[in-house]
Amino acid sequence: MMDTLYLLLFMLIILVGSVVTYIYYLKDKKEQLDAIKRGFCPRCHHNAIELTDQRSGGCSAPKILSFECTACGYANSFSVQGGGGCGL
């Protein structure tokens, strides 16, 4: 009985840890995208960030935006919700 309780407690700790880690990951990605929207690199803070690729999967699919900094080599991709324009 105690073994089962310990196993459930362990699984709960792993689950909570995973959720908290994912929330911090998303928060960090949001902060990086906000810095890019303001026009500077999130790593070196220079005004050298460029949009290198933009892809979309269709009318209501999210856009994949890829950015790269020419000063420090920072590169990252972001999935952003695109305002669908099909049929308009």
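Laid out as a table, the results:
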read-out	value
Cα shape, the range 2-80, gyration tensor, a/c 1.5 rule	prolate
Relative contact order of the chain, defined on C-alpha pairs under 8 angstrom at six or more residues apart (%)	18 percent
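Quick note: the coordinates plus some simple rules give every number you see, no bench work behind them. Since we're looking at a predicted model, the values are computed, not measured.
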